[in-house]
1. Within segment B:117-132, can you find the residues that are within 10 Å of the chain's Cα centre (by Cα), over 11 Å from B:Ala66 (Cα atoms) and in contact (Cβ under 8 Å) with a residue 60 or more places away in the chain?
2. What are the residues in segment A:64-90 that are under 24 Å from the mean Cα position of the chain (by Cα) and not in a helix (DSSP H, G or I), if any?
3. B:Met48 versus (1) part of a helix (DSSP H, G or I); (2) more than 12 Å from chain A (Cβ to nearest Cβ): which is the lone unmet condition?
4. Condition first: among the small types (Gly, Ala, Ser) and either under 15 Å from B:Phe136 (Cβ atoms) or assigned by TED's automatic domain parsing to the domain that holds B:Cys145 (or both). Can you find one or more residues in segment B:18-28 that meet it?
5. Can you name every one of the helices (runs of 4 or more DSSP H) wholly within segment B:137-197 that holds 2 or more residues which are modelled with pLDDT under 65?
6. Which members of segment B:14-45 meet the condition of being without any contact (Cβ under 8 Å) to a residue 12 or more places away in the chain and more than 9 Å from every other protein chain (Cβ to nearest Cβ)?
7. So for segment B:61-70 (the condition being part of a helix (DSSP H, G or I) and in contact with a Cys (Cβ under 7 Å, 6 or more places away or on another chain)), does at least one residue qualify?
8. Within segment B:23-40, track down each residue that is within 22 Å of A:Asp87 (Cβ to Cβ) and surrounded by fewer than 20 Cβ atoms within 10 Å (Cβ to Cβ).
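The values are calculated or read from the model by the stated rules, or taken from the named source; none is laboratory data. Keep in mind that this is a model prediction, so the values were computed, not measured. Every residue, glycine among them, receives a Cβ derived from its backbone with ideal geometry; neighbour counts consider all protein chains shown.
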Amino acid sequence: MKEPPGGQDVLSDQNDNMKGRPSEPDAEDMIEQQPQSSTKARGPDAAALDEARLRQQAIGVRLRQMFDEVVNEPVPDEFLDILRRADKSAETE
Amino acid sequence: MVDRSERDPALDKAFKNELVTLIPHLRAFARTLCGDATAADDLAQDAMMKAWDARNSFQMGTNMKAWTFMILRNQFYSEKRRSWRQSQLDQEAAERTLVAVDDPEAPVALDELRLGLGMLPPEQREALILVGAGGFAYEEAADICGVAVGTVKSRVSRARRALQSILEDGAYDRDGGAAGDAMRTILAQAERLSTVR
């Protein structure tokens, strides 16, 4: 995991321990720190980069969520029925 | 009838079991291509049966998910080519589905993400979905789409930038909704998601 340069505070240690997924603590830290520390410490360019990365991460999270929503839907019986029928006809051939 | 006498029943069983685990993913991918949920399930069923019929040509142990996605994608585009009107209908169906939300509790931003996705060129949308949501490596996505890895990479990065600016400028096809609202909602939800988990 990449530590964002500078601007880390006590919060981030706690967050790292609490979360299993490597990419998200960064995003959350940046959300929390965005307005103050990172902007001042590293100038507007670095802040803009952080911001852009943060936005991309957020879009990525939503994108996966959108996809997973369908993945997690129960599969209509039709699918398994069709497959079962096909399997049966393969057996009797 | 095709002679399958040399086919090992245990092999068929293993193939079938793995295929069944892929059905949810095929449905999700089909949904992103078709928009319309019913058409998407028809497509996913066709792809599932095509995969089953072609099981003799699949090598167990290789990436079945990528293989079935490729079958589904080919099926989608060959059906589309068959009738020029189809693309017109797909577009209308996609717009209806993109605007309609099945779950009234669904967050607004997801809706807007769908709208934003709908505005991307199809090849960029597809690349972004395979890599960004389907969990495929660039190489696998390149195989699925039948293009070079570099092409997939550039499509994904262009799609990401375009999607971000669509969401930030509020340029999605919908009246009302102040500029930047969609992005703000997405940011807020990402934050909430990462706190909940």
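1. B:Arg125, B:Glu126, B:Ile129 - these are the residues of segment B:117-132 that are within 10 Å of the chain's Cα centre (by Cα), over 11 Å from B:Ala66 (Cα atoms) and in contact (Cβ under 8 Å) with a residue 60 or more places away in the chain.
2. Matches in segment A:64-90: A:Asn72, A:Glu73, A:Pro74.
3. (2)
4. The answer is yes, given that some residue of segment B:18-28 is among the small types (Gly, Ala, Ser) and either under 15 Å from B:Phe136 (Cβ atoms) or assigned by TED's automatic domain parsing to the domain that holds B:Cys145 (or both).
5. Of the helices (runs of 4 or more DSSP H) lying wholly inside segment B:137-197, those with at least 2 residues that are modelled with pLDDT under 65 span B:181-196.
6. Result: B:Asn17, B:Thr21, B:Thr38, B:Asp42.
7. Looking through segment B:61-70, none of the residues is part of a helix (DSSP H, G or I) and in contact with a Cys (Cβ under 7 Å, 6 or more places away or on another chain).
8. B:Pro24
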